[in-house]
Amino acid sequence: MKGIVFCAFVSFAETRWSEELADQMLTQSDLETGGAYTSVGQYSHDELTQLSKYLAKYTSSTPDQVMNEFGQFLFPLLAEQADAVMKTYTSCFDFLCEIETVIHRDVRRLDTTAQVPMITALSREGDSRIVLEYRSARPFAMMAQGLFLGALSYFRMDRVANLKALEVSSDNTHAIFEILT
Amino acid sequence: MTQDESDKRIGILERKVDREHRARVEAEKLLESKAAELQKANEILALEVQKARSLTAAIEGATDGIALTNSQGNYTFMNGSHAQMFGYEIDELIGRPWSTLYGPTETVRIGNSVMPALFQNGYWRGEATGKTKDGTPLVQELALTALPDGGLVCATRDITQRRKGLMRAREMEMALQKAERDAALYTLGTAVAHDFNNLIAAISGYAVLIQSDLPATTKAHIRATRIEKAASQASAIVRSLEIERMDDARSFESFDLVAMITTGLSIAEAIRPPNVHFEIDLPQTANIVSNELTLSRCLFNIVKNAFEAMNGDGTLKIRLSKTPTGLLADDCARISLGAPASEYAWVIELSDTGKGIAEDKLDKIFDPFFSTKPKFQGSGLGLLSLVNLVELEAAFIEVMSKGGTGTLFRISLHKPRHFARVQHDTANLARQQKSLTKPLILIVEDEHMMADILTSNIESFGYASLWIEDPRIALNSISQSEFRVDVVITDLSMPNLSGAELTQKVKKMRPDVPIILYSGRAGFIAPDPAYFAILRKPISTDHLRRVIADALDFAGSTKANRNDL
């Protein structure tokens, strides 16, 4: 998994809670890397799971909640990096529909080692309803949900849209979400 | 902030700095690794770019036309050969549809049958007829390959000239076959007619002599008269059997020897054994004035014989140059045909690595019906084409052969209208003539029997006669100012110098001497003021007497006129 996600997660812990908690998380999670992440590196996704579990334990929440919040935190950072691409979209649903066919396709072209999840629009009714499917080898369905929420916020639809998980697999590798406006 | 809080804060920052330091070290390692990968990728890219440039240069420099079209069928790339093939500049065709280069009918054919097959199979190979910028049809060999984007790659070659060459080769092959047939028939016919005419002339001549020896009332005289009449009828029958030689077997024209040899070899390719190979050394072009058909026959027959002599395995070298190479081997057997010259227009040499021709058979290879091949496998007429070439004064032929090494045929082609000059000492003949007081009739004849009859007849007319067997000696004698001659009577067909050639040369030196030409084929001799008369064998005695008398009158009046002047 790309180092940028790990760096963002550390930043998320520091911002959302504190540098102290982030420091504890990194020193006490028994990480193989010791928490020395760089955005250009590549690390095992298991470390992200370990980190989310640590945060959940010390913040009286669940790992799913942590990953959901992290997704919302992560989206603006990613959008900032792909600012030129994001500016081509004015509709959130158009963007969500093209994550797989445009965004991930370009990611794969630029980095042949990238292992992005599959995000597919199963159905869409104009700008009133869209059903999205998440499928990945990694258990980050809740992070995907957070990213969708981040997207709604980016396109200023967070107040008018309602996101609901219709189906989530027990191992978090597969989920179906519905967004209604 | 308390000391504890401060220490805690410092601890957090130190660990953070430590993590960042380690992360930076890892990042630097990663960057180094990526930089090395990038460097390697750059090197590979540079090689690929170089390869692409080489390929582009190869495509640009290719003699075959190469073009690309997009999915709309418009040209997106084209090399110079492709554009030039159709008479365009590249820029004139880029962006234009492929149908620009085809007429309406061919465009429909390509659209209906070629394109569907191309996009179904991914490729198409075949021929098409394009249209150049000035509307000239262009026969092309086409190789089309479909591209994933819906476009196509077109590789093409102009085969218009190849098509024409093939057609010319077919025509030449047919002409050669016909010429071979005609030559065989001609040779057979003239050989039989010549021999029969000589015999008939002898029969007729002796019958006349018998008549003159006996009183007209004797039975023997009457029988001799009948023999003469029967001989005359026999002669007429033989004449009716004579086969006229085709005009194209005698005509001279200007042509390219290289094209002729290349065409001939393409015809011979059909009978080339698989393990016999050609080694060809030809200039770009070699123009000459000669008899193309006879020369083609010569080459084809030599090549055919070489294939057979090599018994399915060997090399046939064909060389065309201005000067001959040396001997085939120091100890090779040699024969020649015709008169050599100091320089030649072109020299064709064909040497094989076959079994060679035995020395005792080499001097017979130009004899009609002689063959070294097993019975029924060779007509013995093929190399007569070389004799024809020499008769046309077109070439000097040399053949060298050595058992186990092979045979070399050298055809040294004369410059236009070559005439060989032969010098002989005729002082002795001139001395003999001084005692003569009667008109002197010079007989030039290589056949002893015919010469004997003519001598007897001429002397019976009351004239002196001189017989010279070799026309070259006769010519040399006449060229001497002290040599006296009143009338020349000559045969047409003689070795070394024909009667017609002798006449032309004599007329240049002694225009006042009447020349009587005779032949068994007199009907085929073109009338020429150089001849005082043309007689057909067998010659009747009375006719001969009248013609010689007229010739002497003519010579006398010519001399008188000259004296008056």
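Read-outs: derived from the displayed coordinates by stated rules, not from any lab. Owing to the predicted nature of the structure, the values given are computational and were not obtained by experimental measurement. Cβ atoms come from the backbone with ideal geometry, glycine included; neighbour counts cover every protein chain shown.
Couplings for the range B:132-147, taken from phi via the Karplus curve 6.51 cos²θ - 1.76 cosθ + 1.60 with θ = phi - 60°, read 6, 4, 8, x, 6, x, 10, 7, 10, 9, 10, 10, 10, 10, 6, 9 Hz in order; Gly and Pro are left as x.
I need the per residue convex hull volume for the protein assembly as shown, using only the alpha carbons, in cubic angstrom as a whole number.
Each residue corresponds to 317 Å³ of Cα convex hull volume.
Normalising the average separation of contacting C-alpha pairs (under 8 angstrom, six or more residues apart) by the number of residues puts the relative contact order of chain A at 20 percent. Annotation: amide H-H contacts under 5 Å for B:Ile280 (H modelled 1.01 Å from N, sequence separation of 5 or more, or interchain): B:Ile318. Placing R0 at 25 angstrom, the Cβ-Cβ distance between B:Asp313 and B:Glu359 gives a FRET efficiency of 0.60 after rounding to 0.05.
Tell me whether the range B:448-501 comes out rounded, prolate or oblate; compute the Cα gyration tensor, take square roots of the eigenvalues as a ≥ b ≥ c, and use a/c under 1.5 as the rounded threshold. In terms of gyration-tensor shape, oblate. Helix A:63-81 and the long axis of chain A differ in direction by around 70°, with both axes built from C-alpha atoms. The lysines within cross-link reach of B:Lys438, meaning a Cα-to-Cα straight distance under 17 Å and a gap of 8 or more places when in the same chain, are B:Lys559. Using Cβ point charges alone (K and R +1, D and E -1), the dipole size of chain A about the Cα centre works out to roughly 380 debye. Multiplying the residue separation of B:Leu327 and B:Thr285 by 0.36 nm and subtracting their alpha-carbon distance yields 12.6 nm.
Just want to confirm a number: the relative contact order over the range A:80-137, from Cα pairs under 8 angstrom separated by 6+ residues, in percent.
Reported relative contact order: 25 percent.
The mean sequence distance of close C-alpha pairs (under 8 Å, at least 6 residues apart), as a share of the length of the range A:1-65, puts its relative contact order at 39 percent. Extending 7 Å from Cα along the Cβ direction at B:Arg168 and again at A:Asp111 yields two label points whose distance is 6.9 nm.
The HN-Hα couplings worked out from phi for the range B:68-74 by the Karplus form 6.51 cos²θ - 1.76 cosθ + 1.60 (θ = phi - 60°) are 10, 10, 8, 5, 8, x, 9 Hz, whole numbers, x standing for Gly and Pro.
Helical content of chain B, expressed as a calculated mean residue ellipticity at 222 nm, amounts to -15500 deg cm²/dmol (DSSP H runs of 4 or more residues, -39,500 (n - 2.57) each, divided by residue number, nearest 500). Translational diffusion coefficient of chain B (Stokes-Einstein, Kirkwood radius from Cα pairs, 37 °C, 0.692 mPa s): 105 µm²/s. The DSSP beta bridges internal to the protein assembly as shown are antiparallel in roughly 75% of cases. Roughly how far apart, in whole Å, are the Cα centres of the range B:282-302 and the range A:1-61? Measuring centre to centre over Cα atoms gives 93 Å. With a simple spin-label model that places each label point 7 Å from the Cα along the Cα-to-Cβ direction, the separation between B:Leu199 and B:Glu469 comes to 2.3 nm. Straight-line cross-link partners of B:Lys361 among the lysines, defined as a Cα under 26 Å from its Cα and at least 8 positions apart when in the same chain: B:Lys304, B:Lys317, B:Lys373, B:Lys375, B:Lys402.
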